[in-house]
Amino acid sequence: MIIEDGKFVELNYKVIDKKTKDILSAVEFPLGYIHGISEILSPEVTAELVGQEKGDVIELPINCDLIYGPRDESLVFTDHLENVPKEFHKVGNTVTMENENGEPKDFIVTRVDEKSITIDGNNPLCGREVIFILTVLTVREPTDEEAAAGGPIDAEPPELKMPNARKIH
């Protein structure tokens, strides 16, 4: 059975920096969706899955600026450490702020030293060229419940790992 609209698909993926070969993110549990209905990956990625079948591995180079837009340095802030609550004093923590219209925006702590902290509101993949490596685990007809819900039922949510610079060989 091949991936096409209306099929239930489960896959694992990892995102690798094309230049450094660092693993930038990976899903811990299979990611399930109904193709063409509950798209959970970017259209550039899901378009490449059409016609694939269980066991296929796809390596897809992506320029992240096309998905997330170019990096915006105005979204990077450095402040004195004492001005920021201690619960945010760790690289990788997320800080949610609101703009003047009350709209939330997530920032990620990217640097902490003895005097200052830096947070970045850009998507962590902005400005990078990456390779999505997707492994197709399941392709089948969805159950009636999955079709009604538009995706998996009672599934564990995928855990996104963002390890610190782990190399692949």
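Bear in mind these aren't lab numbers, they're just calculated from the coordinates by the rules spelled out. What you are looking at is a predicted structure, and each value in this text was computed from that prediction instead of being measured. Cβ atoms come from the backbone with ideal geometry, glycine included; neighbour counts cover every protein chain shown.
Before moving on, here are some points about what is shown:
- Counting every other Cβ atom within 10 Å of each residue's Cβ, LYS105, LYS54 order from fewest to most as LYS105, LYS54.
- Pairwise centroid distance, computed over Cα atoms, of region 65-132 with region 42-64, Å: 29 Å
- Of the cross-linked pairs LYS18/LYS90; LYS21/LYS90; LYS7/LYS90; LYS18/LYS54; LYS14/LYS105, those separated by over 32 Å at the C-alpha level are LYS7/LYS90.
- The modelled label-to-label distance for the pair HIS80/GLU141, using points 7 Å beyond Cα in the direction of Cβ, is 6.8 nm.
- Set of aspartates and glutamates near LYS115 by C-alpha distance (under 18 Å), chain-local residues within fewer than 8 positions excluded: ASP79, GLU82, GLU87
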